[in-house]
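Nothing in this text is a laboratory measurement; each read-out follows from the coordinates by a stated rule. Predicted model only: the values in this text are computed from it and were never measured. No Cβ is skipped: glycine too gets one built from the backbone with ideal geometry, and neighbour counts run over all protein chains shown.
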Amino acid sequence: MFKKIFISIVIILSLKCNICLSIREYSKEDIVKLREEVREMFQHAYDSYLRYAYPYDELRPLSCDGMDTWGSYSLTLIDALDMLVIMGNYTEFNRVVDIVLEKQNFDMDINVSVFETNIRIIGGLLSAHLLSYKSGMKLEPGWPCNGPLLRLAEDVAQRLIAAFDTTTGMPYGTINLKSGVPPGETSITCTAGVGTYIIEFGTLSRLTGDPLYEEVAYNALKALYYHKSPIGLVGNHIDVMTGRWTAQDAGIGGGVDSYFEYLVKGAILLERPELMSMFNEARQVIDKYLKKDDWYVWATMLRGHVTLPVFQSLESYWPGLLSLIGESDTAMRIIHNYHSVWKQYGFTPEVYNLGTGEASSARESYPLRPELIESIMYLYRDTRDPILLQMGEDILRSIQHSARTPCGFATIKDVRDHRKEDRMESFFLSETTKYLYLLFDPDNFIHNPGVHGTVIDTPNGECIVDMGGYVFNTEAHPIDPTMLYCCHEARQGINVSEVHRIYKILDEEDNIHFMSMIDATIPVKNTTSYYKEAVYYGDPMNSAKIMDLSKRDLSNAQEMPIVPIKTETSTGYVNIDGIEREKVKNESLGDILKESMSNYYNNTSLNENERETVAEAPEIKATEKVEVDDIIIPQKFETEKLQPPSSTKAKEAVKMLPKVIQDFLNSDWKSKPKCEPQHMIERIRKEKRYPEHPDVGKYNLLLTPAPSFMQRISLAGEFLNKKQLEL
Ligand code: DMJ
């Protein structure tokens, strides 16, 4: 009897507790308080970095000093720049931008990760460039299509571009900033390392008018799409010279994650519906083979057999991504699962075993990652469900309680006992604190749903910028799509009658979505127009004007002449290498043979039958996995097939090869051409190695000076297609 009563009390209490959880409300003051707490957190970490670590890449929060990690380029400072603007700290932003412009020189003889340098350095510089007008900084004529931060970002991109000079067009993972691909560099790159460039490179191309970057990044994405398995999954690592998958685990987490992210965000930012179609196709097979009860597991890319039933902390970006394509209901279910792991430990471990319900051994750390709070922020924007504020507060509390040190915030070495480790990755400042801050700052300019903007003069005429619809790169650097429009579409000439037609459709059909997104605090004056009012922030630049967008009348607009877009580069390239690419010292015949065979193999296009054979080849089974940071790499294979031949065997083998290959092997290796970006792009265009996706041009893309609408529309899960436009 007593036992029964006790159980009933427990049940009632736990039900009550659940109800409390779901109905907990946050007043405006509560939210402001939380935002200010995050501001202080950022400030503590940022000040500590400057005091103890700069100019090193990262702060060591236990030793109170600094160290170089991903390069030697003051990574944390560049990664943190745009957060200063987001928090309105313009004085500090201007001060440190001057320092970066004066001191930063990327002409360094260091080997760096192409992926990390792109997302953190190029992404950070581009975002700072695009936000710089908000700080009152003196702008160069021609901004945003010109400017010192943009030039610096382009300088770095030019140093990375040689990595894409491979037979498949997929990039090497490492590059020397001074001399290009390091001799002897492995040709194996992880999937995310291949498919995470279209946002930064697309932005560079659209701002500068040089198509090189976007085409190269797009080609790499097409390469991944082309090499997907017959059931449509992609693996974890691929050989960029042969196109063979060397790690065949398919999943949505480490080593793959931002490939999917960039398909969605690239489609939105650059208005390329074929990227969204590629994502939708991938999504279908992900749901079919990897999704188990609102968790995602790892499986073989060839047959979809489950290999690892785990949840990785890195996977937590997925619900946020789903919310961007209008699937917040599914996303909410998934985030509840992920949050339950956070509640279990106070953090999410790098890997969590779904079978045992425990952190996987040797993968139980939490390096201050942002993915969970990132998804929470996106979902809150879409649903306004207060439970998400509470989840955000849980994260804030854990970090403050267990990761804070007198000089920064430390990685949690083990989520089970909250021991600390002496590292604070730069993404803590660029992402984790930013998503927390934006969750608790509903009126931030980043959240503008297209109701106000600023008019600026550009070389291409007047443009409306800062209308929201910001697209974050995978390191949380926001890109203003309107600026891309100003430097790209506006250069082509705006088809005004088309814009007018789109406004009409939006007015008539989409008002409900739109209204639900407007924050109650934003005054809405004219309810019949999408352009409610223009708000002018400060006096950032002389050419900016207040514009009352509601007065925009396009009814009698004439078609403007379309000025053709520039397709050739105007900058003229200098060699990235500067010097002749060094011949690999002591290169064994086996290595030469292996490389030349790869080249031969890849320069010969496979017919369909051959592709089938490749795809049906016996699966390579990893017998031991060594997990390095975010990436899962099979270290040993059961098969001997991938072993290079001994040099004697190789010599004998050479004699048996067709003459064309023997000639190739005997050719003068010193004359191997260095990477000429212009040649590379011409080759990509000429070879047309990968077919275009059938959905290229399927939709009539929005020709509007407010591409933030694009994001709003995609939030509702739809692109405007031709049919709608023909209404
Ligand atoms: C960041 O550098 C980026 O978010 C990347 O896409 C994944 N890893 C870290 C954060 O966890």
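Greater than 23 Å separation of Cα atoms is the criterion. Which listed pairs, K28/K434; K228/K265; K103/K420; K228/K288, meet it? Could the numbers behind the result be given before it?
Working: K28/K434 19 Å; K228/K265 20 Å; K103/K420 33 Å; K228/K288 15 Å.
Where the Cα-Cα span goes over 23 Å, the pairs concerned are K103/K420.
What ³J(HN,Hα) values, in whole Hz, does the Karplus curve 6.51 cos²θ - 1.76 cosθ + 1.60 give for region 388-395 when θ = phi - 60°, with x put for Gly and Pro?
6, 5, 5, 4, x, 5, 4, 5
Is the C-alpha gyration tensor of region 232-351 telling us rounded, prolate or oblate? Criteria: a/c under 1.5 is rounded; beyond that, a/b larger than b/c is prolate, otherwise oblate. Write out the running numbers ahead of the final one.
Details: a/c = 1.78, a/b = 1.16, b/c = 1.53.
The shape class here is oblate.
Separation between the M656 and R404 pseudo-spin-labels, each 7 Å from Cα along Cα→Cβ, expressed in nm?
6.9 nm
Full extension from E140 to K291: what is 0.36 nm times the residue separation minus their Cα-Cα distance, to one decimal in nm? Don't skip to the end; give the middle numbers.
Working: separation 151, 0.36 × 151 = 54.36 nm, distance 5.00 nm.
Computed gain between E140 and K291 is 49.4 nm.
I need two numbers for region 47-193: Rg to one decimal and Dmax as a whole number, Cα atoms only, in Å.
When restricted to the Cα atoms of region 47-193, Rg and Dmax are 16.1, 47 Å.
Using the C-alpha atoms of region 316-467, what convex hull volume per residue, in cubic angstrom, is computed? Intermediate values should be presented prior to the final figure.
Details: hull volume 22.7 nm³, N = 152.
Spread over its residues, the Cα hull of region 316-467 gives 149 Å³ apiece.
Taking 0.36 nm per residue of separation and subtracting the Cα-Cα distance, what length does fully extending K33 through D98 add?
Working: separation 65, 0.36 × 65 = 23.40 nm, distance 3.19 nm.
My answer for the length gained is 20.2 nm.
Please give the peptides 429-439, 465-475 ranked by average Cβ packing (other Cβ atoms within 10 Å per residue), highest first, as a rough proxy for protection. Provide the component values of the computation, followed by the final result.
Working: 429-439: 27.1, 465-475: 25.2.
Highest-to-lowest ranking by the protection proxy: 429-439, 465-475.
Taking amide H positions as placed 1.01 Å from N in the peptide plane, with prolines and chain starts having none, which residues 5 or more places from T174, or on another chain, fall under 5 Å of its amide H?
V114
Is region 170-304 rounded, prolate or oblate when judged by the Cα gyration tensor, a ≥ b ≥ c being the square roots of its eigenvalues, rounded requiring a/c under 1.5 and prolate requiring a/b larger than b/c?
Working: a/c = 2.28, a/b = 1.27, b/c = 1.79.
Oblate is the answer for region 170-304, as a/c is 1.5 or above yet b/c matches or exceeds a/b.
Can you sort D422, D257, D107, D441 from fewest to most other Cβ atoms within 10 Å of each residue's own Cβ?
Values: D422 18, D257 26, D107 9, D441 21.
Ranked by crowding around the Cβ, least crowded first: D107, D422, D441, D257.
With the calculation restricted to Cα positions, what are the radius of gyration and Dmax of region 93-142 in angstrom?
So, for region 93-142, Rg and Dmax equal 12.7, 36 Å respectively.
What is the order of H129, H305, H418, fewest Cβ neighbours within 10 Å to most? Don't skip to the end; give the middle numbers.
Values: H129 27, H305 10, H418 16.
Ranked by crowding around the Cβ, least crowded first: H305, H418, H129.
Could you work out how far the C-alpha centroid of region 336-408 sits from that of region 79-95, in angstrom?
So the separation of the two Cα centres works out to 26 Å.
Using square roots of five times the C-alpha gyration tensor eigenvalues, list the equivalent-ellipsoid semi-axes of region 168-220 in whole Å, biggest first.
On the way: eigenvalues 94, 36, 14 Å².
They are 22, 13, 8 Å, listed largest first.
With a 10 Å Cβ neighbour count serving as the proxy for reagent exposure, in which order, fewest first, do F106, F201 appear? Walk me through the numbers before you get to the answer.
Numbers: F106 18, F201 26.
Listed from fewest to most nearby Cβ atoms, that is F106, F201.
Need one number: nm distance between label points at D443 and E358, each 7 Å from Cα along Cα→Cβ, rounded to one decimal.
5.0 nm
How far, in nm, would the chain grow between Y226 and I110 when pulled straight, counting 0.36 nm per residue and subtracting the alpha carbon separation?
Values: separation 116, 0.36 × 116 = 41.76 nm, distance 3.26 nm.
Full extension of this stretch gives 38.5 nm more.
Could you work out, for region 399-447, what percent of all Cα-Cα pairs fall into each 5 Å distance bin, beginning at 0 Å and stopping at the bin that holds the largest distance?
Reading upward from the zero bin: 5, 19, 23, 21, 14, 10, 6, 2.
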